[in-house]
Amino acid sequence: MTVTVDNRGKALRLALAAKFADDGALHDKRWRQAVEEVPRHLFVPAYWRLGPDGQPQRVERDDPDWMVGAYEDAALTVQMTDGVATSSSTAPSLMLRMLEALHVDDDALVLEIGTGTGYNTALLCHRLSSQQVVTVEVDAQLAGAAEARLNMLGWRPAVRVGDGALGAVGTRRFDALIATCAMPDIPAAWLTQTRPGAVLVVPVGSGVVRLVRYEDGTAGGRFEAYPAFFMAARDAGSSGSVPYPGEPDATQDRPTSLDPHDAADDHFAFACSLVLPHTAWGRTFGPDGQVASVRLWDGEGSWADVADGTVRQAGPARLWDRVEELWDNVTDDEGTPPARYRYGMTVTSDGSTVWLDNPGGTL
Ligand SMILES: C[S@@+](CC[C@H](N)C(=O)[O-])C[C@H]1O[C@@H](n2cnc3c(N)ncnc32)[C@H](O)[C@@H]1O
């Protein structure tokens, strides 16, 4: 198969690959070659990135910054639905860390969930071959555009439209699975469609779990050390965002000793993202740059506002009660929350369980 090489942006790609190698995001020379040769700019013909005013700014092909922006190590939003980002090209260094974590052999058959722009699919096709890649995207329009770009460059992976939670059937059971949308848990179908020994690399909460599928059909593994903020898996046509509760009605107020700034710490927020997966967080900052208040809401009518030592809560779930309980369970005597790599996950036919330090370690 002939793969068309687009030499525009070549110097930017070489520089990006060299930076990733220096930063420790890239070790394998075959993945490095993929970064050097796959033209990311062709997968992001227009994108939004944060402008100097902190607002999303659309960058199109005729913008002088477009090409350079395409090779920044940043997530580039490519689709907005009702003001919410619903598809992006993931930050390349994060993609590379996840791809390397798959530890693929040359003959591996890989299932990718969340085709998006098709850039990551192209990296997989470059490292393996088109015949070894199946990719699933919930949004038919995105899938069609990604497939057209891949085909234009000479790659013809199987691009399927559907809910990635249902997985896909390959020519044989998959050796590896990578998801690029955040999952609330690991779907049962992924375990039946992968072979024993297969590796699954999946965003869960604000982290990435690396699981090994065992002989008995269960899976287990630990979270990677780095943070990851993927958009949540969604149904076709939805934005996947958690609806804001609007103005609160019935409330319960009480004092709280958990400071919003401590609760917003990245490591603790990760633990919260595991235990309260469908809960959105908003925060405000004080003049000292510290988090002054937080608001949590779960889209089911429950919310909590925390500021000045008081929590106001309403709805069927007491969200802040759960956050406080989690704080007591996971932090050490100095109030330091554990890093991501200390958490793990076990998946059985009964569902997915996250744990701290060892299977059975409760959160
Ligand atoms: C972060 S983007 C994809 C990034 C992709 N790796 C790339 O390089 O462009 C996540 C993608 O997952 C898709 N997605 C969300 N929910 C999904 C689901 N249930 N099944 C399959 N794809 C889904 C979104 O439409 C979006 O395109």
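Filtering region 172-193 down to residues that are part of a loop (DSSP other than H, G, I, E, B) and among the hydrophobic types (A, V, I, L, M, F, W, C), which residue is nearest to the ligand (Cβ to nearest atom)? First the steps, then the outcome.
Initially, region 172-193 is screened for residues part of a loop (DSSP other than H, G, I, E, B), giving 172-173, 180-181, 183-187, 193.
Pick out the ones that are also among the hydrophobic types (A, V, I, L, M, F, W, C) and you get 181, 183, 186.
Details: 181: 4, 183: 8, 186: 13 Å.
Within region 172-193, the match that is nearest to the ligand (Cβ to nearest atom) is 181.
I'd like the residue in region 29-68 that is surrounded by 15 or more Cβ atoms within 10 Å (Cβ to Cβ) and charged (D, E, K, R) and, out of all such residues, is farthest from residue 100 (Cα to Cα). Ranking the qualifying residues of region 29-68, first place goes to 49.
Yes or no, residue by residue, for (1) part of a strand (DSSP E or B); (2) out of contact with any strand residue (DSSP E or B) (no Cβ under 7 Å at 6 or more places or on another chain):
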residue: 26; (1), (2): no, yes
residue: 57; (1), (2): yes, no
residue: 87; (1), (2): yes, no
residue: 98; (1), (2): no, no
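Of the residues in region 305-325, at least one is within 23 Å of the chain's Cα centre (by Cα), surrounded by 18 or more Cβ atoms within 10 Å (Cβ to Cβ), away from the ligand (no atom under 16 Å from the Cβ) and closer than 22 Å to residue 203 by Cβ. Of everything in region 337-353 that is in contact (Cβ under 8 Å) with a residue 40 or more places away in the chain and in a loop (DSSP other than H, G, I, E, B), the residue that is surrounded by the fewest Cβ atoms within 10 Å (Cβ to Cβ) is 349. Going through (1) among the aliphatic types (A, V, I, L, M); (2) in contact (Cβ under 8 Å) with a residue 40 or more places away in the chain; (3) more than 25 Å from residue 89 (Cβ to Cβ) one by one, residue 198 falls short only on (2). Given 110, 138, 134, 84, which one is crowded, with 22+ Cβ neighbours inside 10 Å and farther than 26 Å from residue 26 by Cβ? One residue alone meets the criteria, 138. Reported count of residues in region 286-301, each being among the hydroxyl-bearing types (Ser, Thr, Tyr) and within 25 Å of the chain's Cα centre (by Cα), is 0. Among the residues of region 319-336, those that are charged (D, E, K, R) and touching a residue at least 24 places away in the same chain (Cβ under 8 Å) comprise 322, 324.
Comparison of 143, 122 shows that the only residue that is surrounded by fewer than 23 Cβ atoms within 10 Å (Cβ to Cβ), part of a helix (DSSP H, G or I), within 15 Å of the ligand (Cβ to nearest atom) and not aromatic (Phe, Trp, Tyr) is 143.
Among the residues of region 268-285, those identified as within 19 Å of the chain's Cα centre (by Cα) and polar (S, T, N, Q) are 273, 279. Residues in region 190-205 that are buried (at least 20 other Cβ atoms within 10 Å of the Cβ) and on the phi < 0 side of the Ramachandran plot: 190, 191, 193, 194, 198, 199, 200, 201, 202, 203, 204. Scanning region 169-186 for residues that are out of contact with any Asp or Glu (no Cβ under 9 Å at 6 or more places or on another chain) and farther than 15 Å from residue 108 by Cβ yields a total of 7. Out of the residues in region 17-33 that are in contact (Cβ under 8 Å) with a residue 40 or more places away in the chain and more than 21 Å from the chain's Cα centre (by Cα), state the one that is farthest from the ligand (Cβ to nearest atom). Here the residue is 27. Considering only region 246-256, I want to know if a residue exists there that is among the hydrophobic types (A, V, I, L, M, F, W, C) and more than 16 Å from the ligand (Cβ to nearest atom). Yes, that holds for at least one residue.
Residues 161, 169: which one is surrounded by fewer than 17 Cβ atoms within 10 Å (Cβ to Cβ), near the ligand (Cβ under 10 Å from one of its atoms) and either in contact (Cβ under 8 Å) with a residue 12 or more places away in the chain or within 18 Å of residue 120 (Cβ to Cβ) (or both)?
Testing whether each residue is surrounded by fewer than 17 Cβ atoms within 10 Å (Cβ to Cβ), near the ligand (Cβ under 10 Å from one of its atoms) and either in contact (Cβ under 8 Å) with a residue 12 or more places away in the chain or within 18 Å of residue 120 (Cβ to Cβ) (or both) leaves just 161.
Identify the residue in region 98-113 that is away from the ligand (no atom under 13 Å from the Cβ) and charged (D, E, K, R) and, among all such residues, is nearest to the chain's Cα centre (by Cα). It would help to see each step written out before you state the result.
As a first pass, look at region 98-113 and keep what is away from the ligand (no atom under 13 Å from the Cβ): 100-109.
Cutting the leftovers down to charged (D, E, K, R) gives us 100, 105-107.
Details: 100: 16, 105: 24, 106: 25, 107: 26 Å.
Only one residue tops the list, namely 100.
Quick note: the coordinates plus some simple rules give every number you see, no bench work behind them. On a predicted model such as this, the values are computed, not experimentally measured, just so you know. Note that we place each Cβ from the backbone using ideal geometry, even for glycine, and neighbour counts take in every protein chain shown.
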